[in-house]
Amino acid sequence: MSNIVVFGGDSHPDLVHKICDNLDIKPSEVHLGKFSNGETSISINESVREKDVYVIQSGCGQVNDAFMQLLILISACKSASASRVTAVMPYFCYSRQPDIPYTAKGAPVIHRPQQDGNGTKLTTRRPGADSSFKSLNSAIRSTINLENPQPDRGIAPPDLTSSKSLSRIPMIPGSKLQNSHTNGDAEDLFNAQNAGYKLWVVQAGTLIANLLTEAGADHVITMDLHDRQYPGFFDIPVDNLYCKPLAQNYIQHNIPNYQDAVIVSPDAGGAKRATAIADALELSFALIHKERRSQLLKGPPDATLTSGGTLPVSDRPLVSQPTNSVIRLSSSSSSISSITSTESRFVQTTMLVGDVRNKVCIVVDDLVDTSYTICRAARLLKEQGATKVYALITHGLFSGDALERISSSEIDQLIVSNTVPQQETVKHLGSDRVDIIDVSRVFGESIRRIHNGESISMLFEHGY
Ligand SMILES: O=P(O)(O)OC[C@H]1O[C@@H](O)[C@H](O)[C@@H]1O
């Protein structure tokens, strides 16, 4: 192929080489480094004048560094007179929104308490909180308890200050999560859940899109965007490839008697993705749905649901019959303290819709980050009689201690694509328990087609 140049960032060199092998070219030479103060330094060692340039960088590893490196590489090519620059991001970072707890009351309380010489000053007040950190920490702790509601299993809450595990929950410098074991946070928890304001965490979609286009990207190629609407942030073409055809191919060729298996979505958000695979392979489908809502307790402390109070705390799921079970907010994950009528709580409903008894289950999801979602799904399926659980994932981020969790989970077989490096995964879980779906061919073919001005829509349906 003439007039094409492919550069790789340093987040996933193995995939860069594989994609280039498929294109039968070599990655172009670039020096990637850091200045002494930690800033990214890049020098391009060949001419890109009037060339069609592809910069491959997955949004993983040191993700902010990787993204900055991508931006600088794009900008360097553009200012060196490349005719077109395409960002190839096998895993598109910042494509998920933050998972911040907030009250049902919504927006910040805006009031006008302060007058100065120049007129009225609008301020935002956070009732019940001395400092924003104090309240936010509490809110985070409450989410941790919900994310890992296993009080009887003696699992300590993760330390957000050091663990990379809960990446959808913002990490606050200096948060003292070890204090979440104590009961002294009840007031904080109450404040966090009832303060009447919404903890506002930036949703970065437009910024990320603008940064890429401002750097000089003319086109983006990615795979299985968490949000299919995400390309709407861009005013350049975004080709979102699907792992689906590769996943289907894996199921058909590697799962014995796959015709009797059940495709499972571990949450409502992934239902479309999973049903698309189930429909294509004519398999049954099951859905795990979890709903969390904050509520103010009204009944007496130990009242039963029928008398208008609360159900006993339980992490057991509901099967096919949606009924509410209550996981109460607690400042300790190892014990459930008594409920008072004025505290805030979450009502959590977990439903498994579909029949998995004596079935092989294939849990399909776009990504695994902390792995709580997928491990919880596997446990539930086994409890409900599944004989074997496969987890089929596009982007295996496996942050923090995710691999340890998977290792001791009910997942029998993990199948994950290589949009993100998986050497650690194989090392940790063993090659028998992990299979890798190679996406380099489909990325290579999409680059070839885009370079030649051909359609890539057949890749969406059939892969390569
Ligand atoms: O539970 P972890 O692995 O952190 O998060 C992964 C889940 O969070 C969702 O956004 C993904 O679609 C997936 O279901």
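Brief remarks follow.
- The condition of being small (Gly, Ala, Ser) and over 24 Å from Ser446 (Cβ atoms) holds for only one of Ser47, Ser11, that being Ser47.
- Residue count for region 56-101, restricted to those that are closer than 25 Å to Ile450 by Cα and touching a Lys or Arg at 6+ places or on another chain (Cβ under 9 Å): 7
- Flag if Gly385 is surrounded by fewer than 20 Cβ atoms within 10 Å (Cβ to Cβ), over 23 Å from Gln259 (Cα atoms), without any contact (Cβ under 8 Å) to a residue 40 or more places away in the chain and not charged (D, E, K, R): no
- Residues within region 370-391 that are within 13 Å of the ligand (Cβ to nearest atom) and outside any helix (DSSP H, G or I), tallied: 3
- Hits in region 54-86 - residues which are in a loop (DSSP other than H, G, I, E, B) and open to solvent by 20 Å² or more (accessible area, probe 1.4 Å): Gly61, Gln62, Ala80, Ser81, Ser83
- Sub-7 Å Cβ pairs linking a first residue in region 57-72 that is under 16 Å from Asn210 (Cα atoms) to a second residue that is in a loop (DSSP other than H, G, I, E, B) and not β-branched (Val, Ile, Thr), at least 6 apart or interchain, are Phe67/Gly59; Phe67/Cys93; Gln69/Gly9; Gln69/Asp10; Gln69/Gln57; Leu70/Gly9; Leu70/Gln57, ordered by first then second residue.
- Selection within region 355-369: residues that are open to solvent by 20 Å² or more (accessible area, probe 1.4 Å) and of a type outside the set (A, V, I, L, M, F, W, C). The member of this set that is farthest from the ligand (Cβ to nearest atom) is Asn358.
- Residue in region 24-40 that is hydroxyl-bearing (Ser, Thr, Tyr) and within 29 Å of the chain's Cα centre (by Cα) present: yes
- Count of residues meeting criterion [polar (S, T, N, Q) and part of a strand (DSSP E or B)] in region 402-416: 1
- Those residues of region 352-369 which are more than 14 Å from Asp267 (Cα to Cα) and assigned to a strand (DSSP E or B), in sequence order: Val360, Cys361
- Odd one out for Val220 among (1) open to solvent by less than 30 Å² (accessible area, probe 1.4 Å); (2) in a helix (DSSP H, G or I): (2)
- Residue in region 23-33 that is without any contact (Cβ under 8 Å) to a residue 60 or more places away in the chain, loosely packed, with under 14 Cβ neighbours inside 10 Å and of a type in the set (Lys, Arg) present: yes
Residues are listed down the side, and each one gets a yes or a no for (1) in contact with a Ser or Thr (Cβ under 9 Å, 6 or more places away or on another chain); (2) at pLDDT 95 or above; (3) closer than 19 Å to Val264 by Cα; (4) open to solvent by less than 40 Å² (accessible area, probe 1.4 Å):
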residue: Gly396; (1), (2), (3), (4): yes, yes, yes, yes
residue: Ser408; (1), (2), (3), (4): no, yes, no, no
residue: Ser417; (1), (2), (3), (4): yes, yes, yes, yes
residue: Gln422; (1), (2), (3), (4): no, yes, no, yes
residue: Lys427; (1), (2), (3), (4): no, yes, no, no
residue: Ile436; (1), (2), (3), (4): yes, yes, no, no
residue: Glu445; (1), (2), (3), (4): no, yes, no, yes
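- Among all residues of region 441-451, there is at least one that is within 22 Å of the chain's Cα centre (by Cα) and outside any loop (DSSP other than H, G, I, E, B).
The values are calculated or read from the model by the stated rules, or taken from the named source; none is laboratory data. Computed from a predicted structure; not experimentally measured. Ideal geometry is used to build each Cβ from the backbone, glycine not excepted, and the neighbour counts take in all protein chains shown. The protein model used for the area step is the full one, side chains on, heavy atoms only, and it has no ligands, DNA or RNA in it. Shrake-Rupley method; radii C 1.70, N 1.55, O 1.52, S 1.80 Å.
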